[in-house]
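One structure, as structure tokens, below. Some questions next.
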Amino acid sequence: MGRRRAPELYRAPFPLYALQVDPSAGLLIAAGGGGAAKTGIKNGVHFLQLEQINGRLSASLLHSHDTETRATMNLALAGDILAAGQDAHCQLLRFRVHQQKGNKAEKAGSKEQGPRQRKGAAPAEKKAGAETHHEGVELKVEKLQAVQTDFGPDPLQKVVCFNHDNTLLATGGTDGFVRVWKVPSLEKVLEFKAHEGEIEDLALGPDGKLVTVGWDLKASVWQKDQLLIQLHWQENGPTFSNTPYRYQACRFGHVPDQPSGLRLFTVQIPHKRLRQPPPCYLTAWDGSSFLPLRTKPCGHEVISCLSVSESGTFLGLGTVTGSVAIYIAFSLQRLYYMREAHGIVVTDVAFLPEKGRGPELLGSHETALFSVAVDSRCQLHLLPSRRSVPVWLLLLLCVGLIVVTILLLQSAFPGFL
């Protein structure tokens with residue numbers, strides 16, 4: 001019997017490295033490329049239209065934006081503005097979806113580059129990389145500002161994120177510096193050395209605090225350029241005298257049913273590859289005190305990326321061996337696991353947001369996680385709704401069980417009562 005596989009949502013004509021979901025327009029944005037090497041592999045950002053067709057979530061190419069000689073390695077989304085990490089630079093892109101009317105839509109359809117995709121077409125039928133327009137829908141991409149954000153010997157921007165009100169964005173890369181920029185002018189407002197070596201990930205909280213993790217095995221909390229605290233995940237967790245760990249990823253998340261509650265989630269992986277790899281770990285932290293709340297192992301496959309659902313209910317993980325998993329954020333218990341879904345390193349994962357068109361696209365499922373990898377594929381991971389039994393029904397069943405037991409004892413032993 002063949003191995004169970006996740007549904008393939010889309011296949012691009014280049015390796016995929018970054019993923020974002022726009023809930024208002026129902027767009028899945030996937031980016032990547034072959035870089036500057038003259039291999040014939042394109043570089044681009046693909047905008048995919050998400051739709052429910054015959055009860056199944058599908059994606060079809062709406063627009064392909066060519067990024068010329070630069071592959072997009074990381075993305076952040078703020079409304080209709082994308083921040084794309086391309087080599088040592090950050091490029092801002094603004095995209096707009098227009099509804100065409102009447103003859104204008106017909107003319108646009110006749111001039112489109114490449115064949116129009118049928119709704120619900122199987123992935124193999126889709127001409128990946130073609131400029132495609134849906135009936136009456138047009139998407140335009142405008143280049144805004146671009147700036148160099150990393151200045152190391154081999155400069156590369158590794159991460160970008162917006163703050164809570166989308167007025168600032170922070171970048172980190174191989175030179176270990178955090179740089180903060182105004183949006184959309186990309187005027188630099190802050191720069192400081194955060195790590196010795198590469199910055200692996202960073203996260204901006206709603207109160208302005210910044211968390212960074214790097215190859216120097218440190219995780220730090222900053223208020224502007226002032227160090228507030230160093231995180232120590234092993235304080236209340238496992239200790240390994242001979243196995244150094246480093247922080248691979250960090251993300252803030254809301255606490256469900258607590259409007260002001262905040263959690264920080266981090267992933268720890270072995271710093272060196274070993275023949276018998278030790279487990280990786282997930283840690284949940286208090287978002288105010290930054291004390292560790294709980295730490296759980298998350299398997300022996302090395303974690304490559306982390307995502308938190310919009311409500312803070314779920315965590316999504318990708319691994320270097322291509323596997324994808326979904327965890328409950330509260331207990332760090334695994335709910336879903338697809339081994340080697342991609343067969344090669346998973347470069348990014350993103351949840352379908354719960355606002356906008358999210359509920360409509362989600363259907364009867366509890367959550368949906370998208371994953372992309374170097375194999376050029378975007379896959380869909382659906383978590384079925386967990387059926388819960390109401391408390392009143394449990395109490396009624398218990399009372400009924402007690403009554404039946406008493407009646408059986410009475411019939412077996414007359415005069416029992």
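The values are calculated or read from the model by the stated rules, or taken from the named source; none is laboratory data. Keep in mind the model is a prediction, meaning the values are calculated, not measured. Ideal geometry is used to build each Cβ from the backbone, glycine not excepted, and the neighbour counts take in all protein chains shown. Areas reflect the complete protein model, heavy atoms only, side chains present, ligands, DNA and RNA absent. Shrake-Rupley method; radii C 1.70, N 1.55, O 1.52, S 1.80 Å.
Pick out the one residue from 295, 313 that is hydroxyl-bearing (Ser, Thr, Tyr) and within 17 Å of the chain's Cα centre (by Cα).
The conditions single out 313.
Give me a count of the residues in segment 181-196 that are open to solvent by less than 20 Å² (accessible area, probe 1.4 Å) and not in a loop (DSSP other than H, G, I, E, B).
2
Another question, then. Counting just the residues of segment 263-285 that are farther than 20 Å from residue 310 by Cβ and of a type in the set (D, E, K, R), which one comes out least open to solvent (accessible area, probe 1.4 Å)?
Among them, the one singled out is 272.
Going by the structure shown, is residue 213 surrounded by 14 or more Cβ atoms within 10 Å (Cβ to Cβ), under 19 Å from residue 152 (Cα atoms) and in contact (Cβ under 8 Å) with a residue 12 or more places away in the chain?
Criteria met by residue 213.
Now a separate question. Any residue in segment 163-172 that is open to solvent by 30 Å² or more (accessible area, probe 1.4 Å) and more than 24 Å from the chain's Cα centre (by Cα)?
No, that holds for no residue.
Limited to segment 23-42, what total is found for residues that are open to solvent by 10 Å² or more (accessible area, probe 1.4 Å) and in a strand (DSSP E or B)?
0
One line per residue, one yes/no per condition, for (1) out of contact with any helix residue (DSSP H, G or I) (no Cβ under 9 Å at 6 or more places or on another chain); (2) closer than 24 Å to residue 172 by Cα; (3) among the aromatic types (Phe, Trp, Tyr); (4) exposed (fewer than 15 other Cβ atoms within 10 Å of the Cβ):
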site: 235; (1), (2), (3), (4): yes, no, no, yes
site: 252; (1), (2), (3), (4): yes, yes, yes, no
site: 287; (1), (2), (3), (4): yes, yes, no, no
site: 295; (1), (2), (3), (4): yes, no, no, no
site: 308; (1), (2), (3), (4): yes, yes, no, no
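Now, a different point. Any idea which of (1) part of a strand (DSSP E or B); (2) in contact with a Ser or Thr (Cβ under 8 Å, 6 or more places away or on another chain); (3) open to solvent by less than 20 Å² (accessible area, probe 1.4 Å) is the one residue 17 doesn't satisfy?
Exception for residue 17: condition (3).
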